[in-house]
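Worksheet: the structure to be examined is printed underneath.
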Amino acid sequence: MDQIKDKPWVIRTYAGHSTAKASNKLYRDNLAKGQTGLSVAFDLPTQTGYDSDFILSKGEVGKVGVPISHIGNMMTLFDKIPLEKMNTSMTINAPAAWLLALYIATAEKQGVPKKKLSGTTQNDITKEYLSRGTYIFPPEPSLKLTTDIINYTTKEVPKWNPMNVCSYHLQEAGATPEQELSFALATAIGILEFLRETTKINKEVFEKTVGRISFFVNSGMRFITETAKMIAFTELWEEICFNRFKIKNNKYARFRYGMQVNSLGLTESQPENNVYRILIQMLPVVMAKNSRARAVQLPAWNEALGLPRPWDQQWSLRLQQIMAFETDLLEFGDIFSGSSEIRKKVNNLKKEAKYELNEIDKLGGLKKAIENGYMKKKLVSSQTVRQKNIETGEQKVIGVNCYTEGVKSPLMNSDDGGFMKVDQSAEKLQIQNVKEWKDKRNKSEVKKLLKKLSDTAKSGSNIMDVSIECAHKGITTGEWGEVMRDVFGEYRAPTGITASAILPTNKDKIKLKDIQNQVNLITNKIGRRPKMLVGKPGLDGHSNGAEQIAVRARDAGLEVVYDGIRSTPEQLVNTCIEESIHIVGLSILSGSHIFLVKQMISLMKKNKINDIPIVVGGIIPPLDEKKLIKLGVKAVFTPKNFQIEYIMNKIINIISSVYVK
């Protein structure tokens, strides 16, 4: 008798760029190639609740995703895509309620009842505080908005996953497997307990709510560990559902998750090797049947260089299809069941994760562990260890810290440099689109609706119904965001920056001592310790690199000023003046480096402090490196510069050349 073959997972690519129209074409092309679900990447202004024409959005529109400022943009994005047939994942967090409202309103305009919609809002604000940085509001109102979506969709959009607990970005921020397990599960526990404590919800509805919580995980290169981690996730979540939440129905205790492989592990050097990394990292979430992912999206080989082209995304799509349809993977049961080595690793991971969960409980739960910086400090410390292991060669990365010699890849020889460049006119067109949209509305109706939205938020009522009404009536992302900011306030998360607290090897001690001696010499010459400003201008919230530079600069003996993410150039220039800064280090990963550096230089000239040297780090193409140097930047660092001692030496030499006469 023939073996019954399992259905493949939902096959997605994470996509969106430039404009809604360009992204719609990309979606329809990918669906025609056999993609079975959509995963929407929004640009940074959308993710942080701003319109494309807002002053802080300048230079960021359409760079890392699609700009969605109003329902017209959303309707263009899904034009000729039947939403009742789609499984749509939206990577959106702080303004998740608003983007879901726009999606529901768009479906209704297509004639699709909301009960037929299926998909996911990420809606996990915890990892925004800890790693990705697109938070807006303090933890308490953020939890409230999260639970508004959960309450609403459980009743009104029953096939929707209202929250995707996202451990993906935790691993990218340095989390160990144990931390990834415990911090993600602590998030799910914290949200569900907040829901139970703050709303009147009966046991039956609560069970269904627990059953709709899904997860989004990361998978790295340690194949056995990652396989064991997914089994541990599955078992721990079942235990939490049965023991902590007293779930009776087995189907509501299933660990349902989607996955993307670890983009942090993709390299700028020898980027063609990334194809193998992507395949290896996919295996842990598809091979073991009992812990197999429900949906998989793979990055493209060139994501460490820039925005993937359609062909690059197609290559990743074909990789999934070959695994699902050409192999016999889906014809067998769980091939790891009964493995003593896997079981040993699973048990160890569970033991460590339970210990960490208990520590978070002792602190008072999720909210306290975020507010007091406990979880953030743990991640920064783990990332420092990871970075040091790569620098010393203990963690091998082929083409980066070993086997670096090789023939240049022909994939990089194309006219576009091997990646897509966003159309420079796209931002101007989108800003014009938003201004025209606002001009054609009934201003008194807009004012009334925004008052109603504000009153609803202040009253503590569920925000979803009024948000959907606002979406239909043309309210914009920035207007919704401004109301919420006025009601709930804005938040600055702890940075987690301390000295590295890593015991260095003797070789490292000598290197560090040499750097510290150089700093001491400069200190003696200029009469005070040199001070470095580490800045994150613009809306980019990926702070790992900035945090590691801040930690190591402090270890080296520099005074360091780092206030976290989303500073304006004006704020950074003011800090330079107030703190008497000697060197500015800017970290920019969103592609807006040219625009933001020009702004910084212009403001520094205006304030007569343009003698302060600037260095820049980020995902910066070679041509842009040259442009930045021409503008006056003293040094540019990209992912290929993985040796932080090298970066520190360069920074200290620049300080010396400018201030020691």
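Structure notes:
- For the stretch 5-27, a residue qualifies if it is closer than 21 Å to residue 260 by Cα, touching a Pro at 6+ places or on another chain (Cβ under 8 Å) and aliphatic (A, V, I, L, M), and exactly one does: 26.
- Within the stretch 145-198, the residues that satisfy the criterion of being hydroxyl-bearing (Ser, Thr, Tyr) and either open to solvent by 10 Å² or more (accessible area, probe 1.4 Å) or under 22 Å from the mean Cα position of the chain (by Cα) (or both) are 146, 147, 152, 154, 167, 168, 176, 182, 187, 198.
- Residue ID - farthest from residue 5 (Cα to Cα), chosen from residues in the stretch 276-318 that are of a type in the set (A, V, I, L, M) and open to solvent by 30 Å² or more (accessible area, probe 1.4 Å): 307
- Qualifying residues in the stretch 133-162 (those that are farther than 18 Å from residue 458 by Cβ, assigned to a helix (DSSP H, G or I) and of a type in the set (D, E, K, R)) - the one modelled with the lowest pLDDT: 155
- Checking each residue in the stretch 331-352 for being more than 30 Å from the chain's Cα centre (by Cα) and open to solvent by 70 Å² or more (accessible area, probe 1.4 Å) picks out 332, 335, 337, 338, 340, 341, 343, 344.
- The residue that is farthest from residue 139 (Cα to Cα), among those in the stretch 383-398 that are open to solvent by 20 Å² or more (accessible area, probe 1.4 Å) and assigned to a helix (DSSP H, G or I), is 392.
- Residue within the stretch 353-373 that is over 26 Å from the mean Cα position of the chain (by Cα) and farther than 30 Å from residue 543 by Cβ present: no
- Residue in the stretch 104-117 that is among the aliphatic types (A, V, I, L, M), assigned to a loop (DSSP other than H, G, I, E, B), touching a helix residue (DSSP H, G or I) at 6+ places or on another chain (Cβ under 8 Å) and touching a residue at least 24 places away in the same chain (Cβ under 8 Å) present: yes
- Within the stretch 226-243, tally of residues that are in contact with a helix residue (DSSP H, G or I) (Cβ under 7 Å, 6 or more places away or on another chain) and surrounded by fewer than 18 Cβ atoms within 10 Å (Cβ to Cβ): 3
- The residue that is most open to solvent (accessible area, probe 1.4 Å), counting only those in the stretch 523-549 that are farther than 19 Å from residue 656 by Cα and assigned to a helix (DSSP H, G or I), is 545.
- Residue match in the stretch 265-273 (condition: over 18 Å from residue 225 (Cβ atoms), touching a helix residue (DSSP H, G or I) at 6+ places or on another chain (Cβ under 6 Å) and either outside any loop (DSSP other than H, G, I, E, B) or free of Cβ contacts under 8 Å to residues at least 60 places away in the same chain (or both)): yes
- Here residue 256 does not fit the description of being open to solvent by 40 Å² or more (accessible area, probe 1.4 Å), under 22 Å from residue 148 (Cα atoms) and not aromatic (Phe, Trp, Tyr).
- Matching residues, the stretch 389-420, being among the charged types (D, E, K, R) and either farther than 16 Å from residue 277 by Cα or touching a residue at least 24 places away in the same chain (Cβ under 8 Å) (or both): 391, 394, 405, 408, 415, 416
- Residue in the stretch 360-378 that is open to solvent by 50 Å² or more (accessible area, probe 1.4 Å) and in a loop (DSSP other than H, G, I, E, B) present: yes
The values are calculated or read from the model by the stated rules, or taken from the named source; none is laboratory data. As the structure is a computational prediction, the values presented were derived from the model and not from experiment. Methodologically, a virtual Cβ is constructed for each residue, glycine included, from the backbone with ideal geometry; neighbour enumeration extends over all protein chains shown. Protein only, heavy atoms only, side chains kept; ligands, DNA and RNA dropped before computing areas. Shrake-Rupley method; radii C 1.70, N 1.55, O 1.52, S 1.80 Å.
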